[in-house]
Amino acid sequence: MAIDVKKEMKAFYQPPTSPVLIDVPEMNFIMLDGEGHPDSEVFQQTIQTLYSVAYTIKFAIKKQRTGEEFVVPPLEGLWWTAGESEFDMGNKNNWAWTLMIMQPDFVTAEIFRAAIVEIQKKKDLELLHKVTFEKFHEGLSVQLMHIGPYSDEPVNIKKMHDFAAESGFKIHGKHHEIYLGDPRRTAPEKLKTVLRQPITK
């Protein structure tokens with residue numbers, strides 16, 4: 001059976017539709033930073049590059065670990081507005097972002113570097129040299145499952161912020177989204193997106 005983090009780490013990838021507190025542990029990610037509108041060409045290039053790395057790692061693991069497999073985890077994104085202290089949902093052209101894909105614990109920096117070298121031999125990906133392999137520790141956060149189009153997220157983001165304030169916490173860090181649906185194949189009203197916001201006392 002292939003390892004699927006969405007099933008093995010349900011608390012982080014399958015939250016309820018109402019806000020809940022969660023303590024997110026340190027995890028490994030492949031990451032790529034960018035800025036601008038999410039409909040831009042560079043955003044799509046970023047996604048393509050990350051998935052190229054993710055699948056190259058997946059197949060390397062399958063080969064090196066005698067057939068052991070894992071399902072490539074979903075695309076995630078950290079979002080903020082350049083030059084602003086709070087994320088402005090309406091100003092998409094000024095958005096900055098880090099797109100990322102979680103990697104199982106047995107994926108090492110050496111495996112990541114080998115994947116980059118292998119891709120360089122086969123493909124000409126302009127953003128490949130910008131991909132990084134990093135540990136990311138989000139810690140205490142509030143999250144929920146948003147069901148529906150991305151444009152409807154502000155209502156649920158406000159619910160999370162209000163929940164945090166009512167629970168005695170302040171917003172801290174970048175807005176986080178985990179994309180469990182593919183907008184190219186899923187109707188907008190059925191899209192599932194984990195919304196997460198780090199908090200602090």
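Read the figures in this text as sums done on the coordinates, not as results from a lab. In this text the structure is predicted, and so the values were computed from the model without any measurement. Please note: Cβ atoms are built from the backbone with ideal geometry, for glycine as well, and neighbour counts cover all protein chains shown.
Things to note:
- Listed pairs 7/62; 58/190; 7/122 exceeding 30 Å between Cα atoms: 7/122
- Per-pair calculated FRET efficiency, R0 = 25 Å: residue 1 and residue 47 via Cβ, rounded to 0.05: 0.40
- Under 9 Å, Cβ to Cβ, from residue 177 - net charge with Lys/Arg +1 and Asp/Glu -1: -1
- All other residues whose Cβ lies under 9 angstrom from that of residue 73 are scored, Lys and Arg at +1 and Asp and Glu at -1, for a net of -1.
- For residue 63, the aspartates and glutamates whose Cα comes closer than 20 Å to its Cα, not counting residues fewer than 8 places off in the same chain, are 4, 105, 110, 118.
- For region 131-201, the Kirkwood hydrodynamic radius from C-alpha pairs, put into Stokes-Einstein at 20 °C and a viscosity of 1.002 mPa s, yields a diffusion coefficient of 163 µm² per second.
- Residue-averaged [θ]222 nm for the chain, counting only DSSP H segments that reach four residues, each worth -39500 (n - 2.57): -9500 deg cm²/dmol
- Between residue 39 and residue 94, full extension at 0.36 nm per residue minus the direct alpha carbon distance yields a gain of 18.5 nm.
- Placing a label point 7 Å from the Cα of residue 152 along the Cα-to-Cβ line, no residue of region 83-99 has its backbone N under 18 Å from it.
- Across the chain, C-alpha contacts under 8 Å between residues 6 or more apart give a mean separation that, scaled by the residue count, equals a relative contact order of 29 percent.
- Semi-axis lengths, largest first, of the ellipsoid equivalent to region 5-200 are 29, 19, 16 Å, with √(5λ) applied to each eigenvalue of the Cα gyration tensor.
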